[in-house]
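Since every read-out is calculated from the coordinates, none of them should be taken as a lab result. Remember, predicted model here, so these are calculated numbers, not experimental data. Note that we place each Cβ from the backbone using ideal geometry, even for glycine, and neighbour counts take in every protein chain shown.
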Amino acid sequence: MSSRRELFLEEMGLTPVWRLKTREAEDVVDAKAQVPNAAADPVDAAAASAPQPAIDADDRAQRIARMEWSELKATVAACTACGLRKTCTQTVFGVGDENADWLLVGEAPGAEEDARGQPFVGQAGKLLDGMLAGIGLKRGENVYIANVLKCRPPGNRNPEHAEVAQCSPFLARQVELIRPRLIVAMGRFACQTLLATDASIASLRGRVHRFQGVPLIVTYHPAYLLRSLHDKAKAWEDLCFARRTMAGLPQQV
Ligand code: URA
C-alpha cells in the first residue's frame, strides 16, 4: 500500500488500531478510566527488554498514577520503557497551562517536535494554533497540549501497541493532574486510544464522550487536515461543538 493511501486510511480509521485493552470504552457514561497496563519500570532499560509479569505493569502504572508534576516530568524524561527513546532526540512531555480548562491530545511528536521538545510546533502545529485562535483560544492560555506518545516514532511511523501501553499511564496522569474541563482528541490515534475503541473518527464525531470522567470531543488531526482540505469544515464544526459544550458545562465551584 502506498504511504499516501496508508495515511488516508489511517486517518479514516480503516487500519489496525492501538487499543488500551484494560480500559473500558467510554461514551457518555461517567466512569473512571482504569489505569492501562504497562510493562517495565521507566528508568529500567534492562527490565524493559524482558517480558514482565502483570503485577509489575500494575505496580508501574500505580506509581505513575501517584506522581506529582516534577516527578512525572523527570520520569518521562528518563523513560526507556520502550525502544523509542533510543531513536528520538528527546522526550516531548506536553506544554501549556497546568490548570487549563482545555486539553488537546495528539498522537506523537514529529521531527520538529522531536528537535524542539514541544508538541505541535511544526506545520500541523501552525494549523492547530490557527484553529485554536478561531475559537478564541491561545496555546498556553487555559490550554494544555499533549500527545499519547512522548517520543517520536522513527520516520513518523505509526505507534505500536506496546509503545502506547508503556506511555499511556503518563497521559492518564497528566489528565488527572490538569483536571481539564474538556478534552479534544485529535486524530484517529488519540481518539481510539483514549476511548479504547476501533471506531472511526467519522462515527465518533459530534458526541460528547468521556475519559476519566472528563468530557471528550473527537476531531480530525491537524496533519490530516493539511492534506485533506475538505474535512477542514468538519474540524471547524467540531471545534464549535467543543466551544458550545464547554460553555454549557456547569460552573466549577
Ligand atoms: N502530530 C502530533 O500528533 N503531535 C505533535 O506534537 C506533532 C504532530
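In plain terms, the residue of I64, I135 with the fewest other Cβ atoms within 10 Å comes first and the most crowded comes last, giving I135, I64.
Sorting M131, M67 from the fewest to the most surrounding beta carbons within 10 angstrom yields M67, M131.
Exposure proxy ranking for K86, K126, K150, based on other Cβ atoms within 10 angstrom of each Cβ and starting from the fewest, stands as K86, K126, K150. Annotation for segment 51-149: GluC sites (Glu not before Pro) lying in DSSP loop with at most 16 further Cβ atoms inside 10 Å of their Cβ are E68, E98.
Fully extending the segment from S203 to T87, taken as 0.36 nm per residue of separation minus the present Cα-Cα distance, adds 38.3 nm.
Does segment 203-248 come out rounded, prolate or oblate, given a ≥ b ≥ c as the square roots of the eigenvalues of its C-alpha gyration tensor, rounded meaning a/c under 1.5 and, failing that, prolate meaning a/b above b/c? It is prolate, given that a/c is not under 1.5 and a/b is the larger ratio. Under the 0.36 nm per residue contour assumption, what length would be gained going from the current alpha-carbon distance of C240 and Q123 to full extension? Here the answer is 39.9 nm. For segment 117-176, the square roots of the Cα gyration tensor eigenvalues, ordered a ≥ b ≥ c, give a/c of at least 1.5 with a/b no greater than b/c, which places it in the oblate category.
Quick check: from the Cα gyration tensor, does segment 84-247 come out rounded (a/c under 1.5), prolate or oblate? Judged from the Cα gyration tensor, segment 84-247 comes out rounded (a/c under 1.5).
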